[in-house]
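Colleague: I have a structure here, written as structure tokens, and I will follow up with some questions on it.
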Amino acid sequence: MKVSIIGGAGYVGLITGLGLAQLGHKVTNIDIAEEKINMLLKGNSPIFEENIDSVLRNSLNSGNINFTTDPSSSIPDSEVIIIAVGTPSNESGDIDLSQIKSAISQIESNFKPYKVVVMKSTVPLDAIELMRENLSIKHKEGIDFDIVSNPEFLREGKAVFDFFNPERIVIGTNSEKAFNLIREMYIRLIEKDINLGDITEKNDVVPVLKTSVSSAQMIKYGSNAFLATRISFINELAELCEYVGADIKEVSKGMGLDARIGESYLQPGPGFGGPCLEKDLNALNILSKSRGLSLKVFEQVLERNNVQIKEILRKIGNRIKNIHDSTITIWGLSFKAGTDDIRNSSSIRLIEELSKRKAKIKIFDPVAKIDSSVLKNFEVFQDPYLAVDHSDMLIIMTEWNQFLELDYSKVFKIMKNKNIVDARNLLDYSLLKSLGFHYTGIGVT
């Protein structure tokens, strides 16, 4: 099957294109980012992701994937066109649809029927209608084209694994022809007819859910909103645990053993970040208000998430009375381990707050990078020990496994003041306290 992906050098587009190429399809990933396209043609990924280098190399060697900035080179002959462009929020919280509109324009300019146009980007329902209206000006839906909503459920840091081991595939369309074509595109995943070693697991056949376009979009929004709700819930419960002498790690473990609850997303931390959860909650809030509804849960989840950085600042203030005279080291920039993505990272929010208070800030992350265009008044180190040397406080903001392997007796010796705020509850606090650290976690006393 010939497939074109618009936004093919971005996170979702790249993973999807590489995955489909491994399934044997002829895929062309299209993107306006010429520098990224050139990197990919040379076998270099512009994003950090587990297993992506080997999958990229295999896809290029097979001849099943190509990268280009020219939509006209593949869209006319493609059976399936996937839109996987970015949909960031603007200042008001609305979704910026400029990249979606550009993608629709590229399809219109290179259209030859019949095509299935797949919306992979997470967009409001009116964006689907916008696409339908534009394509229907010159072409007839159901004859020249059909529209499908096929949301992605990829976890950053595990996205390659997630593509090849989906828990479900959602295909939203009112066209049986389009449904069958997209199902056939995924058939080797559905029937587990692919073996990439550790990347693939031999589990049961993957369930395929056929829905309306609207339901498919809401499944994606609802999933992200629920995950965000769990994070805000456990962070709020962790705060209460500190006041009643309970240990949130024990509490979350006990809760997670209940099959009705499960253990995922029950780890307290600095709040959710990344490109999706906050954006999608804002979109749901705006959608509900546009329909005359007042849905309080989504608003409260966001409000609790904003409180979490204030909680970390309170913990810092409990140990350092004059932040403006202090040197503070932050380990971890990315919004979660396993990725170099710093979009909407809690670390960035914390650094901004500490910078306002005139602290001297030192940063280390094993993967993520930052420059002065994003933040000012900080110093970046390539070595975690150098970053913490002569610091008044160390703050763990990302749950990198590397931080578990460091020598904390050495850290103790080189720090000026022996304060650790572990915003991920990553470290062994009994060990740290035995070394003499003043340790503060989340939801532990």
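The values are calculated or read from the model by the stated rules, or taken from the named source; none is laboratory data. Keep in mind it's a predicted model, so treat the numbers as computed, not measured. Neighbour counts are summed over all protein chains in view; Cβ atoms, including those assigned to glycine, are modelled from backbone coordinates with ideal geometry.
Colleague: Out of (1) surrounded by 18 or more Cβ atoms within 10 Å (Cβ to Cβ); (2) within 17 Å of residue 346 (Cα to Cα); (3) at pLDDT 95 or above, the odd one out for residue 276 is which?
Modeller: (3)
Colleague: Still on this structure, please answer the following. If I filter the stretch 346-355 for residues that are polar (S, T, N, Q), more than 23 Å from residue 435 (Cα to Cα), crowded, with 22+ Cβ neighbours inside 10 Å and not assigned by TED's automatic domain parsing to the domain that holds residue 265, do I get at least one hit? So that I can check it myself, show each step before the final result.
Modeller: Step one: list which residues in the stretch 346-355 are polar (S, T, N, Q), which gives 346-347, 355.
Checking the rest, the ones that are also more than 23 Å from residue 435 (Cα to Cα) come to 346-347, 355.
Then keep just the ones that are crowded, with 22+ Cβ neighbours inside 10 Å; that gives 346-347.
Subsequent filtering for residues that are not assigned by TED's automatic domain parsing to the domain that holds residue 265 retains 346-347.
Yes, because at least one residue in the stretch 346-355 is polar (S, T, N, Q), more than 23 Å from residue 435 (Cα to Cα), crowded, with 22+ Cβ neighbours inside 10 Å and not assigned by TED's automatic domain parsing to the domain that holds residue 265.
Colleague: Might you check whether a residue that is surrounded by fewer than 23 Cβ atoms within 10 Å (Cβ to Cβ), in contact with a Leu (Cβ under 7 Å, 6 or more places away or on another chain) and at pLDDT below 95 occurs anywhere in the stretch 393-400?
Modeller: No: zero hits.
Colleague: Would you confirm whether any residue within the stretch 6-20 is assigned by TED's automatic domain parsing to the domain that holds residue 103, assigned to a strand (DSSP E or B) and modelled with pLDDT of 95 or more?
Modeller: Step one: of the stretch 6-20, the residues assigned by TED's automatic domain parsing to the domain that holds residue 103 are 6-20.
With the extra rule that they be assigned to a strand (DSSP E or B), the set shrinks to 6.
Imposing the further condition that a residue be modelled with pLDDT of 95 or more reduces the set to 6.
Yes - at least one qualifying residue is present in the stretch 6-20.
Colleague: Can you name every residue in the stretch 389-424 that is among the acidic types (Asp, Glu) and touching a strand residue (DSSP E or B) at 6+ places or on another chain (Cβ under 9 Å)?
Modeller: Scanning the stretch 389-424 gives 389, 392, 422.
Colleague: So which of 92, 73, 102, 98 ends up being polar (S, T, N, Q) and within 19 Å of residue 21 (Cβ to Cβ)? Talk me through it step by step, then tell me what you get.
Modeller: Details: 92 fails: within 19 Å of residue 21 (Cβ to Cβ); 102 fails: within 19 Å of residue 21 (Cβ to Cβ); 98 fails: within 19 Å of residue 21 (Cβ to Cβ).
73 is the lone residue from the list that is polar (S, T, N, Q) and within 19 Å of residue 21 (Cβ to Cβ).
Colleague: Could you check how many residues of the stretch 227-255 are under 18 Å from residue 308 (Cβ atoms) and either of a type in the set (A, V, I, L, M, F, W, C) or out of contact with any Pro (no Cβ under 7 Å at 6 or more places or on another chain) (or both)? I'd like the intermediate steps shown before the answer.
Modeller: Kept after step one, since they are under 18 Å from residue 308 (Cβ atoms), are these residues of the stretch 227-255: 227-243, 248-249, 251-252.
Going one step further and asking which of them are either of a type in the set (A, V, I, L, M, F, W, C) or out of contact with any Pro (no Cβ under 7 Å at 6 or more places or on another chain) (or both), we end up with 227-234, 236-243, 248-249, 251-252.
Final tally of qualifying residues: 20.
Colleague: Would you point out which residue out of 321, 336, 358, 376 is without any contact (Cβ under 8 Å) to a residue 12 or more places away in the chain and part of a loop (DSSP other than H, G, I, E, B)?
Modeller: On the way: 336 fails: without any contact (Cβ under 8 Å) to a residue 12 or more places away in the chain; 358 fails: without any contact (Cβ under 8 Å) to a residue 12 or more places away in the chain; 376 fails: without any contact (Cβ under 8 Å) to a residue 12 or more places away in the chain.
Being without any contact (Cβ under 8 Å) to a residue 12 or more places away in the chain and part of a loop (DSSP other than H, G, I, E, B) holds for just one of 321, 336, 358, 376, which is 321.
Colleague: Among the candidates 138, 112, 101, which residue alone is out of contact with any Gly (no Cβ under 9 Å at 6 or more places or on another chain) and either outside any loop (DSSP other than H, G, I, E, B) or of a type outside the set (Lys, Arg) (or both)? Can you show your working first?
Modeller: Values: 138 fails: either outside any loop (DSSP other than H, G, I, E, B) or of a type outside the set (Lys, Arg) (or both); 112 fails: either outside any loop (DSSP other than H, G, I, E, B) or of a type outside the set (Lys, Arg) (or both).
Every option except 101 fails the conditions.
Colleague: So, one more: Going by the structure shown, is residue 98 closer than 18 Å to residue 131 by Cβ, within 24 Å of the chain's Cα centre (by Cα) and either of a type in the set (A, V, I, L, M, F, W, C) or at pLDDT below 95 (or both)?
Modeller: Working: closer than 18 Å to residue 131 by Cβ: yes; within 24 Å of the chain's Cα centre (by Cα): yes; either of a type in the set (A, V, I, L, M, F, W, C) or at pLDDT below 95 (or both): yes.
When the stated conditions are applied, residue 98 passes them.
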